[in-house]
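A.B. asks: My questions all concern the structure below.
The values are calculated or read from the model by the stated rules, or taken from the named source; none is laboratory data. Everything numeric here is computed off the predicted structure, so don't read it as measured data. As a convention, Cβ positions derive from the backbone with ideal geometry for all residues, glycine included, and neighbour counts pool all protein chains shown. Only protein heavy atoms, including side chains, enter the accessible area calculation; ligands, DNA and RNA are left aside. Shrake-Rupley method; radii C 1.70, N 1.55, O 1.52, S 1.80 Å.
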Amino acid sequence: MILLIDTSSARLLVGLGSEDETLLAFRERTAAANERGIHDARLALEVTGLLAEFEVAAKDVARIGIVIGPGSFTGLRIGLAFAKGFASAWSAQIIPIVKHELLALASLADDQRLVTDGYQPALAYIARNGNPKAVDLLKRSDIDLTDARTEDSMTSQELLGRMLLLTAHGAAADFASVEPLYLVDFAPTLS
């Protein structure tokens, strides 16, 4: 079995897929406006519920596809810590996925822009289809969104389906060396 986890945004996505690349089920939870985040409170519960629903023992999960970024600092840390703990306990492989790789699977031209939400509303992460792992953080106002592929253009089921494909065919990483992909706009100043 394949477990899929995306904690890179305010939305929590968890999916379960089979080795034949069939997405069996998924759960999506979104933080309410008054919630700082839900990943710490919901991730383990949603994974446990999904495994129980399909009567899958944790030891039967062979691979974990995890979005390593870019995205929310806290969300990425929570998701990756959970995936590493699960992989260590049950000898599962971790397949790290950059969010823009999911958008690239549906893009046609190498120069098409792939855009996801930044950690602040005025910012966005951008990559090109030809190199989806080379992500930059830009002001949303500086990005031409004409013909861009955005995360909003796909349903959660489509995103998880693409995660399943990448996880089923991706190279496993040494889980101890997998790190989140952080892109932040730090501009320290002296006062």
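A.B. asks: Mind checking the angle between helix 73-90 and the chain's longest principal axis? C-alpha axes, 0 to 90 degrees, to the nearest 10.
C.D. replies: 20 degrees
A.B. asks: To continue, here is another question. Using the crude model of +1 on Lys and Arg Cβ and -1 on Asp and Glu Cβ, and no other charge, please compute the dipole size for the chain relative to its Cα centre, in debye to 20. Could you put the intermediate results ahead of the total?
C.D. replies: Working: 17 positive and 25 negative charges, 86 e Å.
Here the chain has a charge dipole of around 420 debye.
A.B. asks: Taking the Cα-to-Cβ direction at Ala52 and at Glu21 and moving 7 Å from each Cα, how far apart do the two end points lie in nm?
C.D. replies: 3.3 nm
A.B. asks: For volume of the Cα convex hull per residue in Å³, pick the label among [x] 136; [y] 181; [z] 116 that corresponds to the value derived from the coordinates.
C.D. replies: Checked against the structure: label [x].
A.B. asks: Percent antiparallel among DSSP beta bridges with both residues in the stretch 67-162, to the nearest 5?
C.D. replies: For the stretch 67-162, the DSSP antiparallel bridge percentage is about 70.
A.B. asks: If R0 is 30 Å, what FRET efficiency do you get for Glu28 and Asp111 from their C-beta distance, rounded to 0.05?
C.D. replies: Approximately 0.45, to the nearest 0.05.
A.B. asks: Place the peptides 159-172, 16-29, 59-72 in order of packing, highest mean first, counting for every residue the other Cβ atoms within 10 Å and averaging per peptide. List each step's numbers first, then the result.
C.D. replies: Working: 159-172: 19.2, 16-29: 15.7, 59-72: 22.2.
Ranking the peptides 159-172, 16-29, 59-72 by packing returns 59-72, 159-172, 16-29.
A.B. asks: Here is a further query. Is there a quick way to get the dipole size of the stretch 9-55? I mean about its Cα centre, with the Cβ of Lys and Arg at +1 and of Asp and Glu at -1; what is the value in debye to the nearest 20?
C.D. replies: Details: 5 positive and 9 negative charges, 83 e Å.
Here the size comes out at about 400 debye.
A.B. asks: Could you work out the relative contact order of the stretch 1-110? I mean the mean sequence separation of Cα pairs under 8 Å and 6+ apart, divided by the number of residues, in percent.
C.D. replies: Relative CO of the stretch 1-110 lands at 28 percent.
A.B. asks: Could you work out the relative contact order of the stretch 82-174, using alpha carbon pairs under 8 angstrom and six or more residues apart, expressed as a whole percent?
C.D. replies: Computed over the stretch 82-174, the figure is 30 percent.
A.B. asks: Next up: Tell me, what is the percent relative contact order of the chain, built from C-alpha pairs under 8 Å that lie six or more residues apart?
C.D. replies: Relative contact order for the chain comes out at 23 percent.
A.B. asks: Cα axis of helix 156-169 to longest principal axis of the chain: angle in degrees, 0 to 90, nearest 10?
C.D. replies: Here the helix axis deviates by roughly 70 degrees.
A.B. asks: Just to verify a number: what accessible area does Lys139 come out at with the full protein assembly present, 1.4 Å probe, Å² rounded to tens?
C.D. replies: Roll a 1.4 Å probe over it and Lys139 shows about 120 Å².
A.B. asks: Still on this structure, I have one more. In what sequence, largest accessible area first, do Phe175, Phe73 appear using a 1.4 Å probe?
C.D. replies: The ranking, largest first, comes out as Phe73, Phe175.
A.B. asks: Below 19 Å, Cα to Cα, which lysines can Lys99 reach? Residues fewer than 8 away in the same chain don't count.
C.D. replies: The qualifying lysines are Lys84, Lys133, Lys139.
A.B. asks: What is the spin-label model distance, in nm, from Thr74 to Gln120 if the labels are put 7 Å beyond Cα along the C-beta direction?
C.D. replies: With each label point 7 Å from Cα toward Cβ, the separation is 1.7 nm.
A.B. asks: Just grab the label-to-label distance for Ala148 and Asp60, each label 7 Å out from Cα along the Cβ direction, in nm (one decimal).
C.D. replies: 4.2 nm
A.B. asks: Still on this structure: Give the percent of DSSP beta bridges with both residues in the chain that are antiparallel, rounded to the nearest 5.
C.D. replies: Working: 23 of 35 bridges.
Once the DSSP bridges in the chain are tallied, antiparallel ones form about 65 percent.
A.B. asks: A follow-up question, please. Determine the share of the chain's accessible area contributed by carbon and sulfur atoms, expressed in whole percent, with a 1.4 angstrom probe.
C.D. replies: 52 percent
A.B. asks: Given Phe86, Ala171, Tyr125, which one lies farthest toward the positive end of the charge dipole of the chain, if we put +1 on the Cβ of every Lys and Arg and -1 on the Cβ of every Asp and Glu?
C.D. replies: Ranked along the dipole, the leading option is Phe86.
A.B. asks: Same structure, new question: What share of Cα pairs, in percent, lie more than 15 angstrom apart in the stretch 119-181?
C.D. replies: Beyond 15 Å sits 68 percent of the P(r) for the stretch 119-181.
A.B. asks: Counting Lys +1, Arg +1, Asp -1, Glu -1, what net charge surrounds Asn129 among other residues with beta carbon under 9 Å of its beta carbon?
C.D. replies: +1
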